[in-house]
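So the structure is just underneath, and the comments pick up after that.
The values are calculated or read from the model by the stated rules, or taken from the named source; none is laboratory data. Note that the structure is predicted; figures quoted are calculated from it, not measured. When we count neighbours, we look across all protein chains shown, and the Cβ atoms used for this are built from the backbone with ideal geometry, even at glycine.
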Amino acid sequence: MKKFILSMALLVISYTQAQNTLIVDRNVFIDDSPSHVYTTFSAAIANASNGDTILIQPSGGSYGNITINKSITVLGMGYAPELNNGETSQTGNITVSASNVKIAGLDVNGWVSPGNNVTNLLVEDCWLASGAYASATGNANITYRGNVIRNLIYLNASPTNSLNITITNNLIQNLVSSPFQYFNDTTIFNNNVIIGDQALTGYVIFFAPNNLVCQNNIWLFTNNSLAQVDQNGGTPVIHNNSLTYHYGTPTITALNGTGNLDNQNPFFVNIPANNPYWNVDNNYNLGNSSAGNDAGTDGNDVGIYNGYYDFDMRGYPTELPYLTEMSISNNMVPAGTSLNVNLKANANKTN
């Protein structure tokens with residue numbers, strides 16, 4: 001069975017765009033005799049070259065903290081896969097010390113943080129359990145898109161750092177105090193769904209923003225008695241064409257900006273009553289009765305599907321097909337003979 005898992009990995013190699021594809025698989029009894037198969041991420045990246053792809057296989061545990069020190073693509077198989085017994089490509093904290101890196105489809109039980117002078121980093125379709133960073137000296141052109149982000153997003157206070165940071169089409173929840181720090185006039189913070197769920201009245205959303213304009217977001221509140229998108233220090237944040245809603249009784253303070261839809265139920269297609277937190281069965285598209293339909297600055301819907309972005313509730317990366325069905329026609333075979341496996345897969349999204 002473990003060699004079958006490897007075969008699934010080999011199936012998707014042809015879909016990647018890199019020079020070479022290396023596979024990391026920590027499952028028991030994995031066949032790591034091929035030169036491109038490794039049991040640890042550190043071994044794989046030591047043998048990778050700039051432009052390669054490292055495919056991290058799902059397993060029953062974590063691959064631990066990893067450091068990406070080459071210009072590569074790192075792909076997992078989603079953070080809520082339909083098959084493989086729900087096992088994910090899980091890591092601990094991810095530190096990026098090279099530029100021109102893409103990370104997608106990982107279940108990150110920690111944070112992603114680029115080091116000094118890292119540019120051109122894309123993090124997409126990941127579960128980020130402990131936040132997203134772009135706070136080191138010289139960080140620029142960092143994009144977090146299509147992720148579930150918990151806790152915080154931390155940029156750099158210096159006006160010469162954290163330039164052109166793009167945070168779009170994410171579901172952001174379980175916020176800590178001052179979760180969005182040092183956003184500035186080069187920060188794009190659009191098309192997100194944010195759940196303001198802090199329990200203490202002294203908490204604020206933005207810390208020391210600098211001429212930030214954010215657009216097409218949906219702000220949801222569950223238990224924050226302040227019931228406002230507020231800030232501590234900095235210049236006032238301008239919100240355009242964004243929607244706010246509280247699932248309790250408080251009325252949310254009107255957003256500062258134009259075209260906003262204050263205190264309007266988003267009427268998502270499908271979420272449990274008064275519970276907007278991520279669940280794989282939720283559908284955050286807007287229903288027909290939502291005021292957010294076609295209400296964005298670009299004439300599209302507000303929220304994570306703005307611009308027809310294909311937010312993936314399972315975290316399947318763009319580059320890979322995903323399995324929908326498998327069957328084994330001869331599940332008992334002698335050693336050394338072939339196991340016949342039939343697979344069905346769907347092409348993935350095209351963002």
Candidate set from the range 81-98 (those that are in a loop (DSSP other than H, G, I, E, B), modelled with pLDDT of 95 or more and within 16 Å of the chain's Cα centre (by Cα)); member that is surrounded by the most Cβ atoms within 10 Å (Cβ to Cβ): 89
Residue check, residue 241 polar (S, T, N, Q), over 18 Å from residue 198 (Cβ atoms), surrounded by fewer than 15 Cβ atoms within 10 Å (Cβ to Cβ) and touching a strand residue (DSSP E or B) at 6+ places or on another chain (Cβ under 6 Å): no
Members of the range 237-270 found to be part of a loop (DSSP other than H, G, I, E, B) and modelled with pLDDT under 95, listed by number: 247, 248, 249, 250, 251, 252, 253
Sole exception among (1) crowded, with 24+ Cβ neighbours inside 10 Å; (2) within 22 Å of residue 266 (Cα to Cα); (3) of a type outside the set (D, E, K, R) for residue 198, by number: (1)
Breaking point among (1) surrounded by fewer than 21 Cβ atoms within 10 Å (Cβ to Cβ); (2) out of contact with any Pro (no Cβ under 9 Å at 6 or more places or on another chain); (3) not β-branched (Val, Ile, Thr), for residue 55: (1)
Scan of the range 152-171 for residues that are among the β-branched types (Val, Ile, Thr) and free of Cβ contacts under 8 Å to residues at least 24 places away in the same chain, ordered by number: 160
Search result, residues across the range 264-296 that are in contact with a Phe, Trp or Tyr (Cβ under 9 Å, 6 or more places away or on another chain), among the hydrophobic types (A, V, I, L, M, F, W, C) and closer than 21 Å to residue 215 by Cα: 268, 286, 291
Scope the range 155-183; condition modelled with pLDDT of 95 or more, in a loop (DSSP other than H, G, I, E, B) and farther than 16 Å from residue 128 by Cβ; matching residues: 182, 183
Options 183, 189, 206: the member that is closer than 23 Å to residue 267 by Cα, among the aromatic types (Phe, Trp, Tyr) and in contact with a Phe, Trp or Tyr (Cβ under 8 Å, 6 or more places away or on another chain): 189
Evaluation of residue 23 against (1) at pLDDT 80 or above; (2) touching a strand residue (DSSP E or B) at 6+ places or on another chain (Cβ under 7 Å); (3) of a type outside the set (Gly, Ala, Ser); (4) in a helix (DSSP H, G or I) (one fails), failing number: (4)
